[in-house]
Structure formats: C-alpha cells, structure tokens
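Asker: This is the structure I want to talk about, given as structure tokens.
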Amino acid sequence: MGPDGGRLVADLRSLAAMTGNERGAQRVAWTDTWAKARAWERELLAELPVSVEVDEAGNLWATLAGERPEALILGSHIDSVPDGGWLDGSLGVLAGLEVLRTIAAGGRPRLTVRLVDWADEEGARFGMSLIGSAAAAGRLDPSRLADLRDARGITAVEALSANGVEIARMPEAHGRLDNAVAYLELHIEQGPVLESRGLPLAVVTGTYGAERWAVRFEGQAAHAGSTPMDLRRDALAGAARLALDVRDLARRHGGVGTVGRIDAEPGIATAVAGVATALVDQRHADAHALAAVHAGAREAGNRIAAEEGVRVSWSPLFRIHPIGFSSQLVDTGAAIVAELQGEEVRLPSGPLHDAAHVADAGVPTVMLFVRSKRGLSHTREEDTDEADLALALGALHRLARRVLEAPEALI
C-alpha cells in the first residue's frame, strides 16, 4: 500500500488554517505560532511507532527503529516567512511524515528511518538562515547568533531560550547525522521552470552558493530644500546605485543578484539620507563565478562611494559555497521522475535549503522539486495542484523505498 496523497493535502490544509491568516502563513521560527505548528506535528507523530525528541538546536526528530542503526533521513522545515505560502517547507515535512506512516505500516524497515523538521530554515526573524541544519552539520557559529535582534529589539538569545534552546549548546546537535546513509527532501520549486516546460517534477542536482551582506553607506544628513545637488553626500543614492550594479553583474555573469531592502536614515521626505543600508544577495551555481560577481559588487560599492562622497562598509549575513548532491541519488531520482512523467528533468536550486548543509556534512543527499504555479513562493499566492502534490509524494516514497531496499547500491 502506497502513501495517501489525499491525507497529505488534508494535513497541509489543516496546518495552513491553523497557523495562517488572510495574509498567508505566519509560522515564523521561534514564535508562538511556530510552536503551535510543532505541537500539532507531535500529535500526528504520536499515532506512529516512533520516538520523538528535539535536539540542542531546536530540530525536531522522529525515529522509526529499523533492523540496522544506519538511518535514512527525510526532512524539511515547518517554519515560514511572514505572510508566506501553504507549501514552502511544510510540504517536505508532511510528505516525509506520510512516507514514514507508509513505511511504518509495512513493519520494521531494513534501515532506521528518521524524519526531521529543521529549526529556522527561513531566517525570517533574525536574518540568519538554515540555523538548525547548520548546527547539525557542524557549521554553526553560536557567537553570530548571540548579538542578533529582531525588529522589536528582542534578542535571539531570549527568543531561542523561550523555546528551550540555549545558543551556546546548539553545536551539540552535530552528532545527529552520524549514522545517516542518505537524506531526501521534497520541496516546491519556488520558480517558473517546471511550469514553463509543462512538467510537474524534477530532481535537484545541487544548490547555488550565496553571498549575503549588509552594505552600509554613510554620508551626511542634510535639509532637502537647502542643500544643492552637487554638494550632497547622499547615502541613499549610493545604495540605490549599488542595487542597479548588483542586477547588472548577475545579468553579465549568470546566477542571480538582488537588493531586497534598503533602510535609509532619517527616512523622511525632507532630508537627504545620512545613512542607508542595503541588503545584498548574490547567488551562483559556480564557485568561481560567485566569487567574481561578489568581487564586482565590492568594486562597484567602492567606486560609487567615492563618486557620491560617502563611506561604505560590508558586514556578512550569510555565506555558503555551491554544493552538489550525490550523483547516485540524483541519477536514481531522475529515473523515478522519468517513470512518473515520461522524461527526466534535472535542475539546480537557486533558493537555499537545509539539504545543502546536510550534503556539505558528507551525507549523500538529493532533493525533488514539484511544480509551483506561476513560479510564486514566499507569498500567500503560492500554490501547486493537488494532483502534482500526490505525484511528488509518490516520487518521494519510491526514492525512499529504493534506498531502503538497496542502500549499498545507491550510496
């Protein structure tokens, strides 16, 4: 008996109704709504013959003991961005849970099977993504979290502590991947490629590397009416010009480049901005190209600062190199995709995922993508046809079964 696509969709709808509003999903990590989602998730897991625990980094684990201690891990994240969609992350967790149900119904599996709900994949509250998986992979520096504050001034130390996590102990989650033989993650594509090709599924070859920085321009605040244009030291003008250069660098070198936010001070119509901070995000599948576009942005920032008569400084927010997934698992996933839709599709992932940290830690890893309507994500308009969701669930189950049946041949 295979997994139940209708039950998966019903679970997803229930979660959305419980933790969303008219603006979309509100499961931001380390909030009461996220904790409510986690409690509901535990209720579902309580129906299965699994042990459930939360590790030192806040990751939630459900373990179905197998004949061998080596583990197949299924996972994703249940946290969302503010006003997010009903499928981002939650699809992978609840599809993994449905596969876990199916495997458990068949008796004791050959390998141990674990489901993980990674803590704070989105980084929506404190600006630092992939926190839980970074800790499990041995990539987390707790000191970087210690000084972070949210928009209301609440520190990460306070927010995580309220959820039972001590920042200093988060690296102790590292051992959770020790017995892993494979990690599988299903996710919506969050882009338009599959829809443009008229196909529902793809196997993911790896993730883009990323350079994410806060770029601060400092000039001189001045009266907007009395300060001549040629005597201004306009920090916002510098940030705006950098945004255009970041876009042009991506167009020339490939990959993607975004300035998603600029905060200006004093932030009023009648004053030249004395300070402006731009959040720069650059991504590429090739490490050398990523280094080139980032160097280009640095050079542009220095040139613009000189021309505008302002100072510029760069502070790192998040950095990760491009990461390829297991060639054997990618090939197996591609074959399953072809079985289900008539042809294989292999795509890199521009968005970052917890799977990148797991793969970087040495665990054979692969992801599956399912088509996103209009390529939209991180919005309440995010959607995928229910038939596509059921097909993707079937693909994840087939992939899990093949790992369980012949792990030595695939890993």
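Asker: Scan the range 331-340 for residues that are in contact (Cβ under 8 Å) with a residue 60 or more places away in the chain and open to solvent by 10 Å² or more (accessible area, probe 1.4 Å) and jot them down. Even if it seems obvious, please write down each step before you answer.
Answerer: From the range 331-340, those in contact (Cβ under 8 Å) with a residue 60 or more places away in the chain are 332-334, 336-337, 340; that's our starting set.
Selection gives Thr332, Leu340.
Asker: While we're on this one: Consider Leu368 carefully, then state whether it is under 23 Å from Ala137 (Cα atoms) and touching a helix residue (DSSP H, G or I) at 6+ places or on another chain (Cβ under 6 Å).
Answerer: Working: under 23 Å from Ala137 (Cα atoms): yes; touching a helix residue (DSSP H, G or I) at 6+ places or on another chain (Cβ under 6 Å): yes.
Yes.
Asker: Scan the range 44-61 and tell me whether some residue there is open to solvent by less than 10 Å² (accessible area, probe 1.4 Å), out of contact with any Gly (no Cβ under 7 Å at 6 or more places or on another chain) and part of a strand (DSSP E or B).
Answerer: yes
Asker: Moving on. Which residue out of Gly84, Gly89 is open to solvent by less than 10 Å² (accessible area, probe 1.4 Å), under 29 Å from Arg110 (Cβ atoms) and in contact with a His (Cβ under 9 Å, 6 or more places away or on another chain)? Give the derivation first.
Answerer: Working: Gly84 fails: under 29 Å from Arg110 (Cβ atoms).
Sole residue among the options that is open to solvent by less than 10 Å² (accessible area, probe 1.4 Å), under 29 Å from Arg110 (Cβ atoms) and in contact with a His (Cβ under 9 Å, 6 or more places away or on another chain): Gly89.
Asker: Just a yes or no: is a residue in the range 299-315 within 30 Å of Arg176 (Cβ to Cβ), open to solvent by less than 20 Å² (accessible area, probe 1.4 Å) and β-branched (Val, Ile, Thr)? Walk me through it before giving the result.
Answerer: If we filter the range 299-315 for residues that are within 30 Å of Arg176 (Cβ to Cβ), which is where we start, we get none.
No, that holds for no residue.
Asker: Next question. Where in the range 99-209 are the helices (runs of 4 or more DSSP H), entirely inside, with at least 1 residues that are under 21 Å from Ala29 (Cα atoms) and either open to solvent by 10 Å² or more (accessible area, probe 1.4 Å) or at pLDDT below 95 (or both)? Let's see the steps before the verdict.
Answerer: Working: elements: 131-136, 142-146, 156-162, 193-197.
Per the criteria, 142-146, 156-162.
Asker: Give just the number: which of (1) assigned to a loop (DSSP other than H, G, I, E, B); (2) open to solvent by 10 Å² or more (accessible area, probe 1.4 Å); (3) not acidic (Asp, Glu) does Ala214 not satisfy?
Answerer: (1)
Asker: Give the residues of the range 20-43 that are assigned to a helix (DSSP H, G or I), among the charged types (D, E, K, R) and open to solvent by less than 50 Å² (accessible area, probe 1.4 Å), sorted by residue number.
Answerer: Pass one, the range 20-43, residues assigned to a helix (DSSP H, G or I): 32-43.
Filter once more, so that each one left must be among the charged types (D, E, K, R): 32, 36, 38, 41-43.
Of everything in the range 20-43, those that are assigned to a helix (DSSP H, G or I), among the charged types (D, E, K, R) and open to solvent by less than 50 Å² (accessible area, probe 1.4 Å) turn out to be Arg38, Glu41.
Asker: May I ask you to verify whether Thr277 is farther than 30 Å from Pro228 by Cβ, among the hydroxyl-bearing types (Ser, Thr, Tyr) and open to solvent by less than 70 Å² (accessible area, probe 1.4 Å)? Don't jump to the end; show me each part of the working.
Answerer: Details: farther than 30 Å from Pro228 by Cβ: no; among the hydroxyl-bearing types (Ser, Thr, Tyr): yes; open to solvent by less than 70 Å² (accessible area, probe 1.4 Å): yes.
Here the answer is no, as Thr277 does not meet what is asked.
Asker: Additional query: Would the range 64-80 turn up any residue that is out of contact with any strand residue (DSSP E or B) (no Cβ under 8 Å at 6 or more places or on another chain), among the aliphatic types (A, V, I, L, M) and either over 25 Å from Pro316 (Cα atoms) or surrounded by fewer than 17 Cβ atoms within 10 Å (Cβ to Cβ) (or both)?
Answerer: no
Asker: Can you tell me which of (1) charged (D, E, K, R); (2) under 28 Å from Ile320 (Cβ atoms); (3) touching a Gly at 6+ places or on another chain (Cβ under 7 Å); (4) surrounded by fewer than 19 Cβ atoms within 10 Å (Cβ to Cβ) is the one Glu265 doesn't meet?
Answerer: (2)
Asker: Which condition from (1) out of contact with any helix residue (DSSP H, G or I) (no Cβ under 8 Å at 6 or more places or on another chain); (2) open to solvent by 30 Å² or more (accessible area, probe 1.4 Å); (3) closer than 23 Å to Gly324 by Cα; (4) touching a residue at least 12 places away in the same chain (Cβ under 8 Å) is the one that Ala361 breaks?
Answerer: Unmet for Ala361, out of (1) out of contact with any helix residue (DSSP H, G or I) (no Cβ under 8 Å at 6 or more places or on another chain); (2) open to solvent by 30 Å² or more (accessible area, probe 1.4 Å); (3) closer than 23 Å to Gly324 by Cα; (4) touching a residue at least 12 places away in the same chain (Cβ under 8 Å): (1).
Asker: Read through the list (1) of a type in the set (S, T, N, Q); (2) open to solvent by 10 Å² or more (accessible area, probe 1.4 Å); (3) under 28 Å from Gly123 (Cα atoms), then give the number of the only condition that Ser349 fails.
Answerer: (2)
Asker: Given the options Glu56, Glu98, Glu43, Glu70, name the one that is free of Cβ contacts under 8 Å to residues at least 24 places away in the same chain and not aromatic (Phe, Trp, Tyr).
Answerer: Numbers: Glu56 fails: free of Cβ contacts under 8 Å to residues at least 24 places away in the same chain; Glu98 fails: free of Cβ contacts under 8 Å to residues at least 24 places away in the same chain; Glu70 fails: free of Cβ contacts under 8 Å to residues at least 24 places away in the same chain.
Answer to the selection: Glu43.
Asker: Being under 28 Å from Ser372 (Cβ atoms), small (Gly, Ala, Ser) and in contact with a strand residue (DSSP E or B) (Cβ under 8 Å, 6 or more places away or on another chain), is that true of even one residue in the range 192-202? Steps first, please.
Answerer: Taking the range 192-202 as the starting set, the residues that turn out to be under 28 Å from Ser372 (Cβ atoms) are 192-202.
Restricting the remaining residues to those that are small (Gly, Ala, Ser) gives 196, 198, 202.
So of that shortlist, the ones also in contact with a strand residue (DSSP E or B) (Cβ under 8 Å, 6 or more places away or on another chain) come out as 202.
Within the range 192-202 (the criterion being under 28 Å from Ser372 (Cβ atoms), small (Gly, Ala, Ser) and in contact with a strand residue (DSSP E or B) (Cβ under 8 Å, 6 or more places away or on another chain)), the answer is yes, since at least one residue qualifies.
Asker: Could I ask something else about it? Looking at the range 30-40 only, could you name the residues that are among the β-branched types (Val, Ile, Thr) and touching a residue at least 40 places away in the same chain (Cβ under 8 Å)?
Answerer: Once the filter is applied, which keeps residues that are among the β-branched types (Val, Ile, Thr) and touching a residue at least 40 places away in the same chain (Cβ under 8 Å), the range 30-40 yields only Thr31.
Asker: Exactly one condition in (1) at pLDDT 95 or above; (2) out of contact with any Leu (no Cβ under 6 Å at 6 or more places or on another chain); (3) among the aliphatic types (A, V, I, L, M) is false for Ile320; which is it?
Answerer: (1)
The values are calculated or read from the model by the stated rules, or taken from the named source; none is laboratory data. Keep in mind that this is a model prediction, so the values were computed, not measured. For neighbour counting, all protein chains shown are included, and Cβ atoms are generated from backbone atoms with ideal geometry for every residue, glycine included. All accessible areas refer to the heavy atoms of the entire protein, side chains included, with ligands and DNA or RNA removed. Shrake-Rupley method; radii C 1.70, N 1.55, O 1.52, S 1.80 Å.
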